[in-house]
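The values are calculated or read from the model by the stated rules, or taken from the named source; none is laboratory data. Remember, it's a predicted structure, so these values are computed and weren't measured experimentally. All Cβ positions, glycine included, derive from the backbone under ideal geometry; neighbour counts span all protein chains shown. Calculation scope for accessible area: heavy atoms of the full protein, side chains included, ligands and nucleic acids excluded. Shrake-Rupley method; radii C 1.70, N 1.55, O 1.52, S 1.80 Å.
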Amino acid sequence: METGTAKAALPPDLATAETADKGHGRLETRKIAVSSEVVPHLAWPGAAQVARIESIRRIGDKVSTEITYLVTSLIALQANPARLLELKRDHWAIENRLHWVRDVSMSEDRCRVRAGGRALASLRNLVLTLIRSRGLSVPEARENFREDRAEAIAVVTGRIL
């Protein structure tokens, strides 16, 4: 007679991967379970795989868990579980590189303009591109351009000083 707890049977096509990162005073473990078996039951055009990602973050004695789900058009040959975790991580690089900069450095969240919001967002993106093409950070650019308006005009017009 067997004792103990029974484990639920996993779907036969369930693929998994796990990563662990340590830095900034925290340890974060990410676990992913990917399946293509449920896709035919979804009303989601182009879906090839679904996944469940569990992120466990430890900072000192505090532990927090976040569970997210994703649907992708990438087939298993294009993106195995480890690759999907990498792509998910890369998404945050975009969030940190673009959206956070726009929100914090360019005060986008405080902007109360209702009409023309898309145009302003496009202009902010253009400004970020121009600043980065000069190898500057946003704070450096603000300081440089505040003191040298001619340089700011040269960047916008494409002239090199």
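Annotations for the structure displayed:
- Pair list, Cβ < 8 Å and 6+ apart or interchain, from the stretch 33-61 residues that are exposed (fewer than 13 other Cβ atoms within 10 Å of the Cβ) to residues that are among the basic types (K, R): I59/R26
- In this structure, A79 does not satisfy being part of a helix (DSSP H, G or I) and modelled with pLDDT of 80 or more.
- Boolean, A141 is under 30 Å from A17 (Cα atoms) and either among the hydrophobic types (A, V, I, L, M, F, W, C) or open to solvent by 60 Å² or more (accessible area, probe 1.4 Å) (or both): no
- Residues that are assigned to a helix (DSSP H, G or I) and either touching an Asp or Glu at 6+ places or on another chain (Cβ under 6 Å) or among the charged types (D, E, K, R) (or both) within the stretch 102-143 comprise R102, D103, E108, D109, R110, R118, R124, R132, E140, R142, E143, listed in sequence order.
- Residue count, the stretch 18-32 (criterion: loosely packed, with under 12 Cβ neighbours inside 10 Å and in contact with a Ser or Thr (Cβ under 8 Å, 6 or more places away or on another chain)): 1
- Criterion violated by T129 - all others in (1) of a type in the set (S, T, Y); (2) in contact (Cβ under 8 Å) with a residue 12 or more places away in the chain; (3) exposed (fewer than 11 other Cβ atoms within 10 Å of the Cβ) satisfied: (2)
- Residues that are touching a residue at least 40 places away in the same chain (Cβ under 8 Å) and among the basic types (K, R), drawn from the stretch 14-32: R30
- Those residues of the stretch 55-80 which are within 16 Å of T16 (Cβ to Cβ) and in contact with an Asp or Glu (Cβ under 9 Å, 6 or more places away or on another chain), in sequence order: S55, I56, I67, T68, A76, A79
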